[in-house]
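Working notes, beginning with the structure itself.
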């Protein structure tokens with residue numbers, strides 16, 4: 001049973017992405033769940049980390065924990081590996097739902113490419129979209145749906161205006177949520193696709209093999225096989241194991257091949 005993975009995107013900076021994440025974390029935490037929060041792209045800053053921790057996140061991490069002070073001009077394949085690493089870590093910490101924030105706007109080329117990677121197409125269960133105004137909400141949802149991305153809902157700074165909410169509601173095909181609704185425990189569970197009594201079952205992972213994703217850090221053997229906390233990952237080399245759980249294991253190449261005969265392990 002893998003955790004639910006929800007991505008938070010927006011029209012631009014300051015559209016309300018972090019607020020969506022914070023409010024959902026708060027609602028899920030108050031519902032007794034274990035939400036994990038991670039920021040996949042952006043420029044390193046401690047503010048978002050502590051916002052999520054204060055909101056009640058069970059575990060928090062971001063791209064700085066996998067070695068990037070900034071993700072500007074980082075190739076898409078490395079960003080995909082970073083996202084896998086972050087999900088792996090949060091899953092190993094027992095998070096039942098993982099909220100991944102992607103910086104900047106939907107039309108940013110890096111974001112468009114990231115959404116079309118194997119990892120995001122296979123394992124992202126849905127997207128929450130943040131917008132500054134009603135037009136951005138409508139067009140953003142339309143653009144995501146054209147890319148084949150499942151949109152769970154739209155929120156953002158425009159929801160502070162009743163007029164803008166009404167405008168968006170007339171043309172938007174996705175539900176609109178205020179920040180108060182996102183923070184409501186029952187509503188938060190519904191939005192991310194969990195049941196009210198237990199985590200919703202997830203489909204088995206069959207089309208994607210994390211064991212083939214290699215993160216180019218050194219000295220894998222010195223890594224703590226029990227799982228790494230945020231901030232302990234630099235200078236490490238590891239391979240992702242467990243096709244069904246994203247759990248980190250300290251296996252050698254021979255052991256990996258034995259555990260996953262179909263896995264193609266990078267040299």
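Each reported figure results from applying straightforward, stated rules to the coordinates on display, with no laboratory input. Computed from a predicted structure; not experimentally measured. Cβ placement follows ideal geometry from the backbone for every residue including glycine, while neighbour counts extend to all protein chains displayed.
Structure values in brief
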read-out: Relative compactness, the stretch 4-192, computed as alpha-carbon Rg over 2.2 N^0.38 Å; value: 0.94
read-out: DSSP bridge pairs, the stretch 4-192: antiparallel proportion in percent, nearest 5; value: 5 percent
read-out: Segments 51-59, 159-167, 33-41, 138-146 sorted - mean Cβ within 10 Å per residue, highest first; value: 33-41, 51-59, 138-146, 159-167
read-out: Separation of alpha-carbon centers, the stretch 59-100 and the stretch 1-38, rounded to whole Å; value: 14 Å
read-out: Residue 163-residue 142 FRET efficiency (beta carbon distance; Förster radius 22 Å; 0.05 resolution); value: 0.60
